[in-house]
Structure formats: structure tokens, C-alpha cells
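Novice: Quick one: the structure is below, questions incoming.
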Amino acid sequence: MNDLITVQGVVLSAMPVGEYDKRIVLLTRELGKISAFARGSRRLNSPFMAAANPFVFGTFTLYEGRNSYNLNQVSVTHHFVELAGMQPGIYYGYYFLELADYFGREGTDEREMMNLLYVTVKALLNPKINDRLVRCVYELRTMAEQGLCPQVFACAACGREPEEGETVFFSQKEHGILCGTCAMGEREAVRISDAALLAMRFIVQAPMGKLYTFALKEEVLRELEFLVGRYIALNTDRRFKSLDILEVMVK
Ligand SMILES: [Zn+2]
């Protein structure tokens, strides 16, 4: 038997293979994003039956095979089975996993993305938190964790920090806010409200455990959805399948 490797991770996706097996994609602290073969996981009495599914957080013991890792043992810490019965919560969840998969790389420490997914799924399960806000927070914080954070503290062109009450703009082209002077002639720059800017600043730097401790007025949420949605679309090179499904479900 090959050496066993133990990793902390979360299952991002699970694909059936043949009659009884699955191939799962894991986001892990120790190995980054990897795929693993879960032999027999579709058999009723398999110890992997419950574990080889999306949204499962746990400790995974693996051994390296010729082409991929193989699952040897799983100790599930959180499963979030409740999410499966929530609509449209589950569709938000699948989109969040797909976004994490898009940015995940083998060999990187994915601890922060795992933490982000964990607090985000908990927020989806909380009926007091608006799913649309959860989506904005998760999207923007994901960009920040991936080194693609928009500049929200100082003007992206001249570097000056706007004063309180000053009119500020958001430019997709410049990846951040612009002061009034720098926004002149930038036709795509749109005015950003104080409340939306404050929310963005909070989202990119709050401790993970505090991310979902605020609410927004509908008009501010709409503004944030517009800005963050555009930002994601312009800074990724794929249309997310789960996003298409989500957008049909919430219409
Ligand atoms: Zn400026």
C-alpha cells in the first residue's frame, strides 16, 4: 500500500463513474484543489456514500494512484444536508462551489477559501440573511482572496483617499473607485453610494467570522449586485453553468 496522506478539505463536486464509483473534486488546505477517486461510493453500504458529496467538509485520507488520488477514509465534520432541501439556497450553493473550483489550483493552500465557503454556506442556511447579499459578499470576498480585489480605499488612478462625503465613482476598467477628477471623461465609471462603498470595504477586509453580520437596504443591495456582478463577469473568462441555473430559479 502506498503512503497515506491526510488532508482537511471540502467536496466541490462529485461525478458518477461507472456503476458504483465517483470522482470527487476536493478543495484542501494541504494540496490545493485535487480530484480523488471514491471507489464504491455509490453502493448503499459504502462508508463514502454520505461523504462523497458536494458541501461535505471533513478530513480525507488519500493514497496516490497512477492517475489520481484515491479515497481511503473520510471523517465528516460538516455536511449541511439541510441545504439540499432549500430553494433557491441550494442553487446559490452550487454556484459558490463552482466559483471556488474555477479559482482553485493544485498545490496552493486553500484554507481561506475553505473558511469562506464554510461561513457562506452557514449564511445561506440562516433565513435571516438575504441570499442575494450572501452572493455579493461571497463573490467580492472570493475576488479579494484570489488577489483580484478592486481598489476600494483610494482612487485607482491617482491614489488619493476620498474624503468623507466626497462624490466617488466605481470604474470596472480601472478595477476600483475613482475620485471626481479622475472620473471625468471616464464614461463607464458610475457613481457609487457611500453605503455601497462602505459595504465593499467591509467585505474585502472583515474577519471571516464577521462577514455576514450586516444587512443592506434594497437599493444599496441592488447597487452592490450590479457592481460586483459586472466585476465578476469581467474578471473571469467563463460563464458559470450553475449561475445560469440560479438565474432561472430566482426569476
Ligand atoms: Zn483620482
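The values are calculated or read from the model by the stated rules, or taken from the named source; none is laboratory data. The structure presented is a predicted model; accordingly, all values stated were derived computationally and were not measured. Positions of Cβ are generated from backbone atoms using ideal geometry, with glycine treated the same way; all protein chains shown enter the neighbour counts.
Novice: With respect to the numbered conditions (1) assigned to a loop (DSSP other than H, G, I, E, B); (2) over 22 Å from Phe214 (Cα atoms), which one is the sole condition not fulfilled by Phe169?
Specialist: All conditions are met except number (1).
Novice: Against the definition (more than 12 Å from the chain's Cα centre (by Cα) and of a type outside the set (A, V, I, L, M)), how does Asn72 come out, yes or no? Quick ask: steps written out before the conclusion?
Specialist: Details: more than 12 Å from the chain's Cα centre (by Cα): yes; of a type outside the set (A, V, I, L, M): yes.
Judged against the criteria, Asn72 is a match.
Novice: Restricting attention to segment 168-193, which residues are over 26 Å from the mean Cα position of the chain (by Cα) and either in contact (Cβ under 8 Å) with a residue 24 or more places away in the chain or surrounded by fewer than 20 Cβ atoms within 10 Å (Cβ to Cβ) (or both)?
Specialist: Scanning segment 168-193 gives Val168, Cys179, Gly180, Thr181, Cys182, Met184, Gly185, Glu186, Arg187, Glu188, Arg191.
Novice: I need every pair where a residue in segment 201-215 that is touching a residue at least 24 places away in the same chain (Cβ under 8 Å) has its Cβ under 6 Å from the Cβ of a residue that is of a type in the set (Gly, Ala, Ser), sequence separation at least 6 or different chains.
Specialist: Close Cβ pairs satisfying both conditions: Val204/Ala144; Tyr212/Ala123.
Novice: Look at Leu178 and say whether it is aliphatic (A, V, I, L, M) and in the same structural domain as Asn126 (by TED's automatic domain parsing).
Specialist: No, not satisfied.
Novice: Could you tell me which of the residues Lys210, Lys241 is at pLDDT below 95, surrounded by fewer than 16 Cβ atoms within 10 Å (Cβ to Cβ) and away from the ligand (no atom under 16 Å from the Cβ)? Don't jump to the end; show me each part of the working.
Specialist: Working: Lys210 fails: at pLDDT below 95.
That would be Lys241, the only listed residue that is at pLDDT below 95, surrounded by fewer than 16 Cβ atoms within 10 Å (Cβ to Cβ) and away from the ligand (no atom under 16 Å from the Cβ).
Novice: Right, another one. I'm trying to understand the selection: among the residues of segment 168-198, which are acidic (Asp, Glu) and within 12 Å of the ligand (Cβ to nearest atom)?
Specialist: As a first pass, look at segment 168-198 and keep what is acidic (Asp, Glu): 174, 186, 188, 194.
Once the filter is applied, which keeps residues that are acidic (Asp, Glu) and within 12 Å of the ligand (Cβ to nearest atom), segment 168-198 yields Glu174, Glu186.
Novice: May I pose another question? Provide a single number: the residues in segment 22-48 that are free of Cβ contacts under 8 Å to residues at least 24 places away in the same chain and within 26 Å of the chain's Cα centre (by Cα).
Specialist: 0
Novice: Are there any pairs with C-beta distances below 6 angstrom linking a residue in segment 218-242 that is assigned to a loop (DSSP other than H, G, I, E, B) to a residue that is modelled with pLDDT of 95 or more, with the two at least 6 apart or on different chains, and if so which?
Specialist: Short answer, once both residue conditions are applied: Phe240/Glu98.
Novice: Based on what the data block shows, is Leu27 under 30 Å from Leu224 (Cα atoms) and assigned by TED's automatic domain parsing to the domain that holds Tyr212? Give the steps one after another, and end with the answer.
Specialist: Details: under 30 Å from Leu224 (Cα atoms): yes; assigned by TED's automatic domain parsing to the domain that holds Tyr212: no.
No: the conditions fail for Leu27.
Novice: For segment 124-167, enumerate the residues that are within 12 Å of the ligand (Cβ to nearest atom) and buried (at least 20 other Cβ atoms within 10 Å of the Cβ).
Specialist: Cys155, Ala156, listed by residue number.
Novice: Taking the stated definitions as given, is Val228 under 30 Å from Ser13 (Cβ atoms) and surrounded by 12 or more Cβ atoms within 10 Å (Cβ to Cβ)? Spell out how you get there, then give the answer.
Specialist: On the way: under 30 Å from Ser13 (Cβ atoms): yes; surrounded by 12 or more Cβ atoms within 10 Å (Cβ to Cβ): yes.
Yes; evaluated as a whole, the condition is true for this residue.
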